[in-house]
Amino acid sequence: MSDTSAPLAEHVAEKSNGVSKTQGNKYNEDPLQPSATRATYIRAERIASLSTAHQEYLLSRHGTFHLDPVPGFGNADPYNWPQWKKVSNLVLVAIHAMMSTFTAAAIIPAYQIIAEDLGRSLQDITYLTSLQIAILGVAPLFWKPIANHYGRRPVFLLSLIVSLAANIGCAKSSNYGSMAACRAIVAFFISPAAAIGSAVVTETFFKKERARYIGVWTLLITLGIPVSPFVMGFVANGVGYRWIYWILAMINGVQFVLYLFLGPETRFIRMGADHEGSDFKQEYMSFKRIDPMPIRPIAFIQPLSLFAVPCVVIPSIAYSMVFLWASVLITVELPQLFGEKFQFNPQQLGLQFLGIIIGSVIGEQIGGILSDYWMNRRAKTIGRKPRPEFRLWLSYPGFILSIVGVVVFLIQTNNAPELHWNISPVIGIAIAGVGNQIVTTVLITYAIDSEIQQSASVGVFVTFVRQIWGFIGPFWFPDVFTNVGLTGTAGIMAGLIIGVSILPTILIQMKGYAWRRIKVEEEEDVVDRPNVCEV
């Protein structure tokens, strides 16, 4: 190795971190001791303190030291995987995340048929969806500490096999109570990927490409809502609504098999851990505890502590308000609005969701790919990494498009003559889809960048806020429609997005750096503190 490519420092880590490294990537310090340094995230500026062997490995694997975060030593570290392996694993996790919202929305076009079959009111049947929305928000609080200690792979495999069984239970249910119980079980077990998928992205991809791949994950979560009724409308109309559950079970089974072969473990503790066995064993065959520290009861509510972190709670609430109107309102209320006004069957109702599908895909090009380009270009211009707040500039077009789209949807639906459908409400749905997806990717990526050491907690927290707010909305939407009409509802929506989303985002763009700087000064040296990272 030439002098120009020589490692930056030699065995500085042993002196600065109190950690001694031997035999490649094994640490002598006992990780069970409270004083042990354990970290999953190593900041870019810490690369000079790594051992010579570690630096040589990084240079041979990546050809550069400009890596953020810094990978660990060995091919089992997801940062060191080839790109195809990273992407294939992310696709599995993103589809898994999609299945959480896909499953909840699957029965929407069949509400009327299910009500007649089970002898319940239409409103009662809508609760089968509302129930899952609520559980999807709360269940990740349980799964996050389990996935941190035992890994993502075992949790995802368990999630799919139990969801498969519970979906079969839904298909065989003969009454409302048993179907509701099985739907609750499905929601609890299918939920992990929709929340800790943020951790999978930060554990696998470098910061410079994070928004693009966060966008893939968030896009599929968003798409799960409209794609499901779009597809399942044909199923319910053609072969009966119970086949919706059979198809969901089949999808879970296929996912389980694919995970066995293409879903390696991404949870990797880069400092203070002893990695034993071959790379294959670590990635696919290890089901023992990854983090031997005991699981404390407080870990199950730890993500809720982010209510005290402005740079996480403000974007979470701002995003959730947009999601409520530009996604939940359209998805949940469209079948009832169009069903009554145009007398659509399940298949015709499903087709209306094509607008939000197209809009969401278009929006992701701005929120994800353009967002990374926006930040990387800024870095080249100023010669350093831009503050995360610079990304927020891209959220404002998303807010505006969300408002415009929902206004067009509501007003044009209100103005349409009875039994005379036209495409203008669907155009509004598409515009809202573009705006919602821009806001989703930009604000979630900002929240994760602001609290990168707790990306799993951020994902759980954002999911909690979004799902609980999405659960409450459908209970008061009908009353708003009745009291002020669709046109009045559009005005209320615009006011809420401006007050709860746009103005707080302006505030955090102005104050976010100062709030984060206080926190950074308190946590100046991440890897020198015990048990700091819960990514």
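The values are calculated or read from the model by the stated rules, or taken from the named source; none is laboratory data. Every value quoted in this text rests on a predicted model; they were computed, and no experiment measured them. Positions of Cβ are backbone-derived with ideal geometry, glycine not excepted, and every protein chain shown enters the neighbour counts. Surface areas here come from the heavy atoms of the whole protein model, side chains and all, with no ligands, DNA or RNA. Shrake-Rupley method; radii C 1.70, N 1.55, O 1.52, S 1.80 Å.
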- Query: Once the piece of chain linking MET250 and VAL162 is laid out straight, how much longer is it, given 0.36 nm per residue of separation minus the C-alpha distance between them?
  - Reply: 30.4 nm
- Virtual spin-label span in nm between VAL257 and ILE358, 7 Å along Cα→Cβ: 3.5
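Find the relative contact order for the chain and round it to a whole percent, using C-alpha pairs within less than 8 Å whose residues are 6+ positions apart. Write out the running numbers ahead of the final one.
On the way: 946 pairs, mean separation 120.9, N = 535.
Rounded, it is 23 percent for the chain.
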- What is the projected area of the convex hull of the Cα atoms of segment 158-262, averaged over all directions, in nm²? 7.4
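With the cut-off at 21 Å, report for segment 243-388 the share of all Cα pairs above it, as a whole percent. Please list the in-between numbers first.
Working: 7910 of 10585 pairs.
Across segment 243-388, Cα pairs with separations above 21 Å total 75 percent.
Using a 1.4 Å probe, what is the accessible area per residue for segment 221-294, in Å²? If you can, show how the numbers build up before the last one.
Values: 3150 Å² over 74 residues.
Here the residues of segment 221-294 average 43 Å² of exposed surface.
Out of every Cα pair in segment 185-234, what percent are spaced more than 14 Å from each other? It would help to have the intermediate numbers written out before the result.
Numbers: 739 of 1225 pairs.
In whole percent, the share of Cα-Cα pairs in segment 185-234 beyond 14 Å is 60.
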- Give me the angle, in degrees from 0 to 90, between the Cα long axis of helix 455-497 and the longest principal axis of the Cα atoms of the chain, rounded to the nearest 10. 20
- Ranked order, ILE317, ILE133 - accessible area, probe 1.4 Å, largest first: ILE317, ILE133
- Spin-label pair SER121/GLN348, simplified geometry with 7 Å Cα→Cβ offset, distance in nm: 2.6
- Could you give the angle, 0 to 90 degrees to the nearest 10, between helix 140-150's Cα long axis and the longest principal axis of the Cα atoms of the chain? 30
- Accessible surface of TRP374 - all protein chains present, 1.4 Å probe, nearest 10 Å²: 80
- Whole-number D in µm²/s for the chain (Stokes-Einstein; Kirkwood sum over Cα pairs; 25 °C, 0.890 mPa s): 102
- Using 0.36 nm per residue of separation minus the Cα-Cα distance, give me the extension gain between LYS281 and ILE400 in nm, one decimal. 37.9 nm
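About its Cα centre, how strong a charge dipole does the chain have in debye, to the nearest 20, once Lys and Arg get +1 and Asp and Glu get -1 at the Cβ? Don't skip to the answer; put the middle values down first.
Details: 40 positive and 36 negative charges, 68 e Å.
Charge dipole of the chain: 320 debye, to the nearest 20.
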- So what is the relative contact order for segment 304-408, in percent, with contacts set as C-alpha pairs under 8 Å and at least six apart? 27
- Task: Take the alpha carbon atoms of segment 104-226, find their radius of gyration, then divide it by 2.2 N^0.38 Å using N residues; give the quotient.
- Result: 1.20
- Item | segment 416-485 - Rg and Dmax from Cα coordinates, angstrom | 17.3, 54
- Task: Using a 1.4 Å probe over the heavy atoms of the protein chains, calculate the carbon and sulfur portion of the accessible area of the chain as a whole percent.
- Result: 65
- Task: For segment 343-406, just run the numbers: alpha carbon Rg, then divide by 2.2 N^0.38 Å, N being how many residues it has.
- Result: 1.60
- Query: Residue farthest toward the positive end of the dipole of the chain, with Cβ of Lys/Arg at +1 and Asp/Glu at -1: which of SER286, PRO425, PHE464?
  - Reply: SER286
- Query: Considering every pair of different Cα atoms, what Kirkwood radius, in Å, is found for segment 372-414?
  - Reply: 12.4
- Ranking VAL70, ILE301, PHE102 by how far each Cα lies towards the positive end of the charge dipole of the chain (+1 on Lys and Arg Cβ, -1 on Asp and Glu Cβ), the top one is VAL70
- Item | segment 102-251, dipole about Cα centre (Lys/Arg Cβ +1, Asp/Glu Cβ -1), debye to the nearest 20 | 520
- Measure up LYS144/LYS288; LYS86/LYS207; LYS86/LYS208; LYS85/LYS385; LYS208/LYS281; LYS207/LYS380 against 23 Å on the Cα-Cα distance and list the ones that go over. LYS85/LYS385; LYS208/LYS281
- Dimensions in Å of segment 109-152 - Rg and Dmax from alpha carbons: 16.1, 46
- Message: Shape verdict for segment 69-115, please, from the Cα gyration tensor: rounded (a/c under 1.5), prolate (a/b greater than b/c) or oblate.
- Response: prolate
- Query: Residue-wise, which Karplus ³J(HN,Hα) couplings in Hz belong to segment 376-387, taking 6.51 cos²θ - 1.76 cosθ + 1.60, θ = phi - 60°, and x for glycine or proline?
  - Reply: 5, 5, 4, 4, 5, 5, 9, x, 7, 5, x, 5
- Message: For the chain, take the longest principal axis of its alpha carbons; what is the angle in degrees between that and the long axis of helix 210-239, to the nearest 10 within 0 to 90?
- Response: 30
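Relative contact order of segment 171-288: what whole-number percent is it, with Cα pairs under 8 angstrom and at least 6 residues apart? Mind dumping the intermediate values first?
Working: 39 pairs, mean separation 30.4, N = 118.
Contact order relative to length: 26 percent.
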